[in-house]
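What follows draws every value from the coordinates through simple rules; no lab data is involved. Because the structure is a prediction, the values reported are computed rather than measured. No Cβ is skipped: glycine too gets one built from the backbone with ideal geometry, and neighbour counts run over all protein chains shown.
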Number of protein chains: 2
Amino acid sequence: MALERRPIGVFDSGIGGLTVVREILRELPNEEVLFFGDTARLPYGPKSKETVLLFSMQNTSFLLSRNVRCVVVACNTASSVAIPALRAECDVPVIGVIEPGAAAAAEATKSGSIGVIGTRGTVASGAYENALRAIDRSIRVTAAACPLLVPLAEEGWVDRQVTRDVIREYLGPLLAKPVDTIILGCTHFPVLKDAIRAVAGPEVALVDNAAATTAALRSILSPAAGCGGDSPVHHFVVSDVPHRFQEEAELFLGRPIGEVERISPEQVEEYYRSQ
Amino acid sequence: MALERRPIGVFDSGIGGLTVVREILRELPNEEVLFFGDTARLPYGPKSKETVLLFSMQNTSFLLSRNVRCVVVACNTASSVAIPALRAECDVPVIGVIEPGAAAAAEATKSGSIGVIGTRGTVASGAYENALRAIDRSIRVTAAACPLLVPLAEEGWVDRQVTRDVIREYLGPLLAKPVDTIILGCTHFPVLKDAIRAVAGPEVALVDNAAATTAALRSILSPAAGCGGDSPVHHFVVSDVPHRFQEEAELFLGRPIGEVERISPEQVEEYYRSQ
């Protein structure tokens, strides 16, 4: 009997989710990944819960149409508002980045005082607070929306004074508490990890969700259900014309990617409507 | 015979275009404005020509469905790629912000050396260079993409050192030429005018397209074709849930706005498909 090849489906508003894909490729090297980046409609961070939920349902419909064996929501904003709805709609497992990240932070903290940085949407949702308090009600959480860090990461301004100045401005309330652990609650932020560390100092633990999410993913994958085998072929799809995607993807992924497929935003909506 | 009330249609990717609306309300106080901000899919600046063109056609279809008497593309990125296609499709006049802005800059320069700052999409299009050279082939143009200025304006960080530092980084190549005139080639940038002036110095003329675009609009409006009359009612429509739109709109518009209508991104596409 031929091994059924069903990829792990991953979506993000754009390219930040590739930091999660990088971890999956490293930790689960036999698995095949199908990544969808909604680059025509990015970013999700400043948009409303309703709109992010709609886009997330559409993106998931597209992944399901390609017969993925599970759906990884590699976007904090989408994870913070869409996971319950996606789980209700899907007959494959759905994993977000919030719960694994919160669990890793609860593990890392000694003082019980945890900071969360993310987009406006993620912070407004209170998703990390809820996930952390579900683990341990005594944990104290300080959250700060850091919308400028996304374009700074996309500009590639990872080692500039101005980037550290912006981070200092945003981290002020967290460092004043003080917190001993900070969750990098946006998939773009690992790109700025050195700058964040320079501001936060060496004693503060920085939790990057990618590793924790990949560990959660590993635990739900049934090896018998099929995988990419020895030489998995990963596939990257975006909703905007991918002329800059390839170059930016290498910053996040740290390796070259093959040919990028494009489906237009109209087609993404169509998958959802025709479902 | 009753006066036919047909509004001036204005669209932008988000809220920046309200700097143009502000000028229209001031200069053409009897006209009624219907503004559409595509807040669910903003920003257009980093997206491809093809995607920005598609969204612009959809937005225009929506405005036409509301019987506007003309279409003002109050977005530099959309103006830089979509004007010819929109003019071919529309039976009402279409005005962008590029041509009026270029004409105002050609008028303002003494040295013939003009700078343009805008989004990646606007700068990549070469639209300002083309418009300026069509006016005077001897004009020299230096353009710089300034993607971080959009989120800085949206954060309201108009009077911070970090904003001036980012502007200094971006304006470096323009001030080295030097240029004697800078076109603020993004509708967000007038919000940062003081910070840009602080970096550029008092001798450099800053051209804000809103006034020039409104003058161009005035010249094509036929008063007989109908207007809002003495007490025009302006109407604001957005594609995302408008919970932050109202507060941000006041920063750009400098006055309170009435109730904001929402049409979903799916509805925007529907207007175009059913046209």
In nm, one decimal, shortest first: how far is the label point of B:Gly156 (7 Å from Cα along Cα to beta carbon) from the matching points in the other copies? 3.4
Based on DSSP loop calls and a cut-off of at most 12 other Cβ atoms within 10 Å, the longest stretch of chain B free of exposed trypsin sites (Lys or Arg not before Pro) is what? B:138-275
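Tell me the Kirkwood hydrodynamic radius of the stretch B:98-209 in angstroms, computed as one over the mean inverse distance between distinct C-alpha pairs. Before the final figure, lay out each step's value.
Numbers: mean 1/r = 0.0730 Å⁻¹.
Taking every pair of different Cα atoms in the stretch B:98-209, averaging 1/r and inverting gives 13.7 Å.
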Quick one: check the C-alpha center-to-center distance for the stretch B:126-149 versus the stretch A:148-212, whole angstrom. 36
Once the label point is set 7 Å along the Cα-to-beta-carbon vector, what list of distances in nm do you get between B:Leu221 and its counterparts in the other copies? 6.1
Expressed as a rounded percentage, what relative contact order does chain B have, with Cα pairs under 8 Å and six or more residues apart? 28
Sorted shortest first, the nm distances from the A:Glu27 label point (7 Å along Cα→Cβ) to its counterparts in the other copies are 5.7
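How high is the relative contact order of the stretch A:98-209, in percent, counting Cα pairs under 8 Å that sit 6 or more residues apart?
On the way: 185 pairs, mean separation 40.5, N = 112.
Contact order relative to length: 36 percent.
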Using +1 on the beta carbon of Lys and Arg, -1 on that of Asp and Glu, and nothing else charged, what's the dipole of the stretch B:141-275 about the Cα centre, debye to 20? 460
Quick check for me: using +1 on Lys/Arg Cβ and -1 on Asp/Glu Cβ, what's the dipole size of the stretch B:114-188 about its Cα centre, in debye to the nearest 20? 280
Please give every one of the lysines within straight-line cross-link reach of A:Lys193, meaning a C-alpha to C-alpha distance under 29 Å, and leave out same-chain neighbours fewer than 8 residues apart. A:Lys47, A:Lys49, A:Lys110, A:Lys177, B:Lys47
Within chain A, longest stretch clear of exposed GluC sites (Glu not before Pro) (DSSP loop, no more than 10 other Cβ within 10 Å): A:1-202
Placing unit charges on C-beta atoms (Lys and Arg positive, Asp and Glu negative, everything else neutral), compute the dipole magnitude of chain B about its Cα centre in debye, rounded to 20. 660
Which is farthest toward the positive dipole end of the protein assembly as shown among B:Leu251, B:Tyr170, A:Ile117, measuring Cα position about the Cα centre, with Cβ charges +1 (Lys, Arg) and -1 (Asp, Glu)? B:Tyr170
